[in-house]
Amino acid sequence: MSALGVDLVRRQQLFRIFLFIWSLVFAGAGWTFTFNQSAMSLQRFLEENPSQLPLIEQLSVRVHSQPSPLVTTYPETQKIAVVLRDSPDLPPNQAWFFVFKRRMQELNIDFRLDVFYAPRSAGTASIVQIYEKIQSADFDYVIVDGVDDYSRPLIERLLRDDSQQVILLNSFAPYPDWHLHPPLLYIGTDVSRMMQRLASLLHRALSEDTIIDAILSSDEVMDQSRCQMFLNELNHFDRDVRYRYQSVNSKSEARDVANNLLQSVPKDDAQQFIFSCTPEISEGVVAALEASQSRATTNAWLGQNGLENAHQKGLLMVTVLEMKDYMAIAAAEAIKADMESRLLPRVFSESVTFLTQEMDQQTRNLIFQQALQYSSTLWPR
């Protein structure tokens with residue numbers, strides 16, 4: 001092996017040792033890297049960078065308009081890597097790929113897509129190998145689903161590599177630590193704003209004497225980024241939560257927890273609302289409500305089964321629909337803009353919409369199809 005090859009292997013070994021130590025230190029400290037994007041982080045960024053607003057508006061117009069194909073012919077195929085934290089077989093990922101590919105084809109972009117699955121359960125060594133493979137390949141664009149303590153240093157290495165452009169999914173505001181080497185675009189839903197609106201809607205819909213319980217996720221990242229945000233927002237309305245349970249994202253376990261909560265209501269005629277933090281938890285709660293014949297209600301999320309059936313039975317107070325299609329379209333439009341050397345904003349944050357208990361089935365179907373114009377038939381309902 002040449003001296004250059006030996007040096008490369010040695011550097012890779014040192015980096016793997018660094019990642020291993022990194023994971024041990026922060027695992028031992030009980031610390032999870034989520035960047036803690038606060039409720040004010042996006043707003044503060046825009047206030048400090050007003051020049052971003054017209055760029056965001058321009059991108060939003062392109063995302064919500066009919067596709068405008070590339071005029072210039074590019075002889076080279078655009079090589080794109082996508083790094084997922086959850087299985088590619090899950091409905092949200094299947095829908096994302098469907099929409100992204102369709103928009104890229106409509107934009108007349110010749111591309112090749114390689115998918116890498118890097119769950120936290122795979123362990124540090126496996127995730128390091130995935131990112132090393134990506135960095136050593138000649139990808140033009142790398143689309144990464146979220147940032148956590150495992151992927152942070154690996155993404156930072158990609159950002160310092162000018163040969164590959166990085167697009168971050170499910171990140172709704174720029175991270176100050178990366179201002180010198182920012183991604184091409186942050187794409188996500190402003191989760192804090194979503195939880196503010198959800199808490200406000202439920203505060204108005206639920207009577208003052210409604211018993212509120214919560215089933216939260218035992219996944220630390222999910223708990224911090226969604227569950228606790230909702231509880232904090234609900235607290236702003238002086239709403240008390242009676243019991244808080246943590247559950248794995250399992251329909252069966254959530255059903256068992258919900259059954260216990262339903263049996264603990266002091267009066268048969270008492271109103272009860274059970275907050276479900278994830279689609280899987282909501283499916284379990286809905287199953288418990290259907291079996292108990294109780295007057296309790298819960299909330300639902302895009303991606304769970306039995307959504308329309310539960311609405312018709314009056315079990316759902318509200319369903320949250322994130323505009324997933326537009327986030328996939330934004331990634332494709334960002335690649336097109338970069339190929340055309342056009343200015344892009346740092347962030348694209350899509351809104352959410354709600355299906356409420358008062359809506360009839362026709363209205364719910366219309367809103368559902370408008371929110372997911374490309375992929376509405378792919379989502380379980």
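The values are calculated or read from the model by the stated rules, or taken from the named source; none is laboratory data. For clarity, every value in this text was computed on a predicted model and none was experimentally measured. All Cβ positions, glycine included, derive from the backbone under ideal geometry; neighbour counts span all protein chains shown. Remember, those area values only see protein heavy atoms, side chains included, never the ligands or the DNA or RNA. Shrake-Rupley method; radii C 1.70, N 1.55, O 1.52, S 1.80 Å.
Residue count for the range 40-70 under the criterion of being over 30 Å from residue 374 (Cα atoms) and touching a Lys or Arg at 6+ places or on another chain (Cβ under 8 Å): the result is 2.
Pairs linking a residue in the range 327-353 that is within 24 Å of residue 95 (Cα to Cα) to a residue that is among the charged types (D, E, K, R) and assigned to a strand (DSSP E or B), with Cβ atoms under 8 Å and 6 or more positions apart or on different chains, are 327/350; 330/350; 350/322; 352/322. Among the residues of the range 251-261, the ones that are out of contact with any Phe, Trp or Tyr (no Cβ under 6 Å at 6 or more places or on another chain) and open to solvent by less than 30 Å² (accessible area, probe 1.4 Å) come to 3 in all. Could you say whether any residue in the range 105-126 is part of a helix (DSSP H, G or I), in contact (Cβ under 8 Å) with a residue 12 or more places away in the chain, open to solvent by 30 Å² or more (accessible area, probe 1.4 Å) and more than 25 Å from residue 157 (Cβ to Cβ)? Yes: the range 105-126 contains one or more residues that are part of a helix (DSSP H, G or I), in contact (Cβ under 8 Å) with a residue 12 or more places away in the chain, open to solvent by 30 Å² or more (accessible area, probe 1.4 Å) and more than 25 Å from residue 157 (Cβ to Cβ).
For beta carbons closer than 7 Å, sequence separation of 6+ or different chains, a first residue in the range 72-89 that is closer than 17 Å to residue 169 by Cβ and a second that is β-branched (Val, Ile, Thr) and surrounded by fewer than 16 Cβ atoms within 10 Å (Cβ to Cβ), the qualifying pairs are 82/115; 84/115; 88/115. Among the residues of the range 251-263, are any closer than 30 Å to residue 370 by Cβ and in contact with a Ser or Thr (Cβ under 7 Å, 6 or more places away or on another chain)? The answer is yes; a qualifying residue exists.
Screening residue 150 against (1) in a loop (DSSP other than H, G, I, E, B); (2) at pLDDT 90 or above; (3) within 21 Å of the chain's Cα centre (by Cα); (4) not charged (D, E, K, R) leaves a single unmet condition, (2). Screening the range 182-275 for strands (runs of 3 or more DSSP E) wholly inside it with 3 or more residues that are among the aliphatic types (A, V, I, L, M) returns the ranges 211-217.
Quick check on residue 56: is it open to solvent by less than 90 Å² (accessible area, probe 1.4 Å) and in contact with a Leu (Cβ under 6 Å, 6 or more places away or on another chain)? When the stated conditions are applied, residue 56 does not pass them.
Inspection of the range 352-365 finds a residue satisfying the criterion of being closer than 28 Å to residue 59 by Cβ, in contact with an Asp or Glu (Cβ under 9 Å, 6 or more places away or on another chain), surrounded by fewer than 22 Cβ atoms within 10 Å (Cβ to Cβ) and hydroxyl-bearing (Ser, Thr, Tyr). Here residue 84 clears all of (1) more than 30 Å from residue 150 (Cβ to Cβ); (2) surrounded by 15 or more Cβ atoms within 10 Å (Cβ to Cβ); (3) in contact with a helix residue (DSSP H, G or I) (Cβ under 7 Å, 6 or more places away or on another chain) except the condition numbered (1). Of all residues in the range 149-206 being of a type in the set (Asp, Glu) and under 19 Å from residue 43 (Cα atoms), which is least open to solvent (accessible area, probe 1.4 Å)? Applying the filter and picking the extreme gives 190. The residue that is most open to solvent (accessible area, probe 1.4 Å), among those in the range 229-250 that are closer than 18 Å to residue 193 by Cα and under 25 Å from the mean Cα position of the chain (by Cα), is 236.
Scanning the range 323-349 for residues that are closer than 21 Å to residue 198 by Cβ and open to solvent by 20 Å² or more (accessible area, probe 1.4 Å) gives 323, 324, 326, 349. Listed by position, the helices (runs of 4 or more DSSP H) enclosed by the range 283-381 that each have at least 3 residues that are aliphatic (A, V, I, L, M) and modelled with pLDDT of 95 or more are 324-339.
Kindly indicate whether residue 18 is assigned to a helix (DSSP H, G or I), at pLDDT 95 or above and either open to solvent by 40 Å² or more (accessible area, probe 1.4 Å) or out of contact with any Asp or Glu (no Cβ under 7 Å at 6 or more places or on another chain) (or both). Taking the combined requirement at face value, the residue does not satisfy it. Per the listing 294, 282, 276, 225, the residue uniquely among the polar types (S, T, N, Q) and either over 20 Å from residue 354 (Cβ atoms) or open to solvent by 60 Å² or more (accessible area, probe 1.4 Å) (or both) is 294.
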